[in-house]
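Report on one structure; see the data block that follows.
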Amino acid sequence: MKIDAHQHFWKFNTTEYAWISDKMKVLKRDFLPDEMLQELHGIGFDGSIAVQARQKPEETRWLLDIAAGNEFVKGVVGWIDLCSDECGNQLNEFVTHSKFVGVRHVLQDESDERFMLRESFIRGLSILGKYDIVYELLILPDHLRIAEELVMKFPEQKFVLDHIAKPMIKSGVISQWKEDICRLARHPNVNCKLSGMVTEASWGRWKKEDFLPYLNVVMDAFGTSRLMIGSDWPVCTVSSSYNKAMNLVIDYLASLNQAERDLVLGLNAVRTYKLQNQ
């Protein structure tokens with residue numbers, strides 16, 4: 001299968017999606033399965049993984065309902081309150097769904113940069129391993145070394161780094177991010193999504209060459225066995241069409257052999273999230 005490993009759905013309202021500013025006004029509408037399916041068909045992909053955009057259990061329930069009614073949604077990365085005493089109960093509810101494959105918290109927005117190392121968060125994260133559930137790291141470059149501390153505490157936990165940790169592609173800054181991404185990649189339980197890059201570049205004015213230094217770093221650091229393609233649709237549309245965002249990575253992979261391309265374009269997602277061809 002060819003899998004877009006990172007996309008979102010939402011029914012827009014200004015309260016729950018306050019992060020969508022007027023600068024991102026193209027996102028101020030509903031984005032639902034029929035539109036996503038058209039985008040996937042347009043590039044010959046078979047399915048996707050839907051990722052949380054709201055931090056509430058109702059978001060996870062809603063995404064799982066969508067996945068149950070849409071075969072192409074192969075997995076859901078939802079949200080549970082890892083810091084709450086209800087963490088275990090929430091997990092017990094969601095793991096009964098075959099398409100519940102991961103958990104994510106918007107760590108990048110926490111005022112405490114060491115939020116992920118809080119005792120309550122660590123306690124909640126420790127429960128995921130009992131169910132073989134992936135944890136997704138949504139962080140910024142400054143968080144990479146803190147994320148490595150977290151990963152070192154859980155060598156058996158599967159982690160996926162979102163958006164290559166959002167390096168400053170627009171300004172071309174790379175050295176510290178490169179050093180820290182390579183440190184994190186030394187841990188074999190960490191995978192990385194080639195996603196979210198177009199929004200870190202100059203919106204609508206980027207060139208493929210802008211991304212090459214960053215793509216080369218993560219390719220060297222993680223190798224083809226731990227990378228997976230993702231669009232970050234619809235967020236990507238503030239800077240690019242879906243097709244262009246995905247082809248940025250697809251074209252980069254063109255020099256690899258077919259087996260290596262197949263890994264990044266879908267097989268790694270199938271393995272990491274244990275997706276089923278429902």
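Read-outs throughout are calculated quantities, based only on the coordinates presented, and are distinct from any laboratory measurement. Model, not experiment: these values are computed from the prediction. Neighbour counts run over all protein chains shown; Cβ positions are idealised from the backbone, glycine included.
What does the helix-only formula give at 222 nm for the chain: each DSSP H stretch with n ≥ 4 adding -39500 (n - 2.57), the total divided by the residues, and the result rounded to the nearest 500 deg cm²/dmol? Display every interim value, and only then the final one.
Values: 10 runs with 95 residues, N = 278.
After summing the helix terms and dividing by the residues of the chain, the value is -10000 deg cm²/dmol.
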Exercise. For segment 28-46 and segment 237-266, what is the separation of their C-alpha centers, rounded to whole Å?
Worked result: 16
For this session: Compute from the Cα atoms of segment 158-233 the Rg and the Dmax, the latter being the longest Cα-Cα distance, and quote both in angstrom.
Result: 11.8, 36
Problem set entry | Distance (nanometres) between label positions extended 7 Å along Cα→Cβ at Lys244 and Gln176 | 3.0
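Fully extended, how many nm does the chain gain between Arg114 and Gln276 (0.36 nm per residue separation, minus their Cα-Cα distance)?
Values: separation 162, 0.36 × 162 = 58.32 nm, distance 3.51 nm.
Full extension of this stretch gives 54.8 nm more.
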For this session: Would you mind telling me which residue in His187, His41, His143 has the biggest mean-square fluctuation in a Gaussian network model of the chain, where springs connect alpha carbons within a distance under 10 angstrom?
Result: His41
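Relative to the present Cα-Cα distance, how much length would full extension add between Met1 and Asp22 at 0.36 nm per residue of separation? Can you show the working numbers first?
Details: separation 21, 0.36 × 21 = 7.56 nm, distance 3.68 nm.
Result: 3.9 nm gained on full extension.
At 20 °C and 1.002 mPa s, grab the translational diffusion coefficient of segment 3-273 from Stokes-Einstein with a Kirkwood Rh over Cα pairs, rounded to a whole number in µm² per second.
Here the translational diffusion coefficient equals 115 µm²/s.
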Problem set entry | Most mobile listed residue (Val77, Val106, Val249) in the chain, GNM with C-alpha springs under 10 Å | Val106
Exercise. So, in nm, how far is label His187 from label Asp132 when the simple model puts each one 7 Å beyond its Cα toward the Cβ?
Worked result: 2.1
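Regarding segment 114-160, what whole-number volume in Å³ per residue does the convex hull of its Cα atoms give? Let's see the in-between values first.
Numbers: hull volume 3.0 nm³, N = 47.
Looking at segment 114-160, the number lands at 65 Å³ per residue.
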Exercise. What share of Cα pairs, in percent, lie more than 20 angstrom apart in segment 37-179?
Worked result: 51
Problem set entry | Unsatisfied cross-links (Cα-Cα over 27 Å) in the set Lys2/Lys153; Lys99/Lys193; Lys2/Lys56; Lys25/Lys274; Lys23/Lys207; Lys178/Lys244 | Lys2/Lys153; Lys2/Lys56; Lys25/Lys274
Exercise. In percent, what relative contact order does segment 3-273 have, based on Cα pairs under 8 Å that are 6 or more apart in sequence?
Worked result: 19
Problem set entry | chymotrypsin sites (Phe, Trp or Tyr not before Pro) lying in DSSP loop within segment 158-219, provided at most 15 other Cβ fall within 10 Å | Trp203
Problem set entry | Karplus-derived HN-Hα couplings along segment 174-184 (A = 6.51, B = -1.76, C = 1.60, θ = phi - 60°), whole Hz, x at Gly and Pro | 9, 4, 5, 4, 4, 4, 6, 5, 5, 5, 5
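If you count the DSSP beta bridges with both ends in the chain, what percent of them are antiparallel, to the nearest 5? Walk me through the numbers on the way to the answer.
Working: 1 of 25 bridges.
Expressed as a percentage, antiparallel bridges in the chain total about 5.
Could you give the length gained on full extension between Lys11 and Asn216, defined as 0.36 nm per residue of separation minus the Cα-Cα distance, in nm?
70.2 nm
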